[in-house]
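Peer 1: Before anything else, here's the structure in question.
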Amino acid sequence: MKRLRDWMPSAETIRANRWLRWLGPALQQPRLWHVSRRGVALGMALGFFFGLLIPLAQIPLSAAAAVALRANVPAAVASTLVTNPLTFGPVYYAAWRVGSALLGEPDGAPAAPAEAPAADENWWRATTRRILGVGKPLLLGLTVLATGVGIATYFLVSAAWRVAVLWKRHRRRR
């Protein structure tokens, strides 16, 4: 527990954050900072959900959701860092692959829009056309990944917490 508390941002750090000031008095509730099984599991699930689903403003949205659902705010804020410059590419590629599979698109390059490319199409239009072809599978894949990982995180953190409590209880009885 001490390692977990040391890893999470402090109440003062989050209150001083310029993106989270608008939550103001809502951040003063002690339950939002208490380290409990339900609070940490829900906070981490929210952080992973918003961290995977939304590329911008992940921290304020996860903090607001944590306040609304009475989850642990530091856990929600810290777990949004699942997507960072090192993981952004692989996560979005995996999301695109999942979305493509769910939409039944063939493996390989993104599907081109219905219109055929013009012979005099410049590089900007060709790039825009390719990006638009990635849109639907990417959005669907991000939604599926964010929801699945969020739910799995909640149950895995709850189970790990329960195992740790049982292990401590077992060691104490010996």
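Peer 1: With the structure loaded, tell me whether GLY89 is surrounded by 20 or more Cβ atoms within 10 Å (Cβ to Cβ) and among the small types (Gly, Ala, Ser) or whether it fails that test.
Peer 2: No: the conditions fail for GLY89.
Peer 1: Pick from GLY99, GLY150, GLY141: which is surrounded by 18 or more Cβ atoms within 10 Å (Cβ to Cβ), at pLDDT 90 or above and farther than 17 Å from GLY51 by Cβ?
Peer 2: Of GLY99, GLY150, GLY141, the one residue that is surrounded by 18 or more Cβ atoms within 10 Å (Cβ to Cβ), at pLDDT 90 or above and farther than 17 Å from GLY51 by Cβ is GLY99.
Peer 1: Taking the criterion of being over 15 Å from the mean Cα position of the chain (by Cα) and at pLDDT 90 or above, would at least one residue in the stretch 1-24 satisfy it?
Peer 2: Checked against the condition, which is being over 15 Å from the mean Cα position of the chain (by Cα) and at pLDDT 90 or above, the stretch 1-24 yields no hits at all.
Peer 1: Could I ask something else about it? Are any residues in the stretch 106-138 of a type in the set (A, V, I, L, M) and either at positive phi or at pLDDT 85 or above (or both), and if so, which ones?
Peer 2: LEU138
The values are calculated or read from the model by the stated rules, or taken from the named source; none is laboratory data. Only a predicted model underlies this, so the values are computations on that prediction, with no experimental measurement involved. A quick note on method: Cβ atoms are made from the backbone with ideal geometry, for glycine too, and the neighbour counts reach across all protein chains shown.
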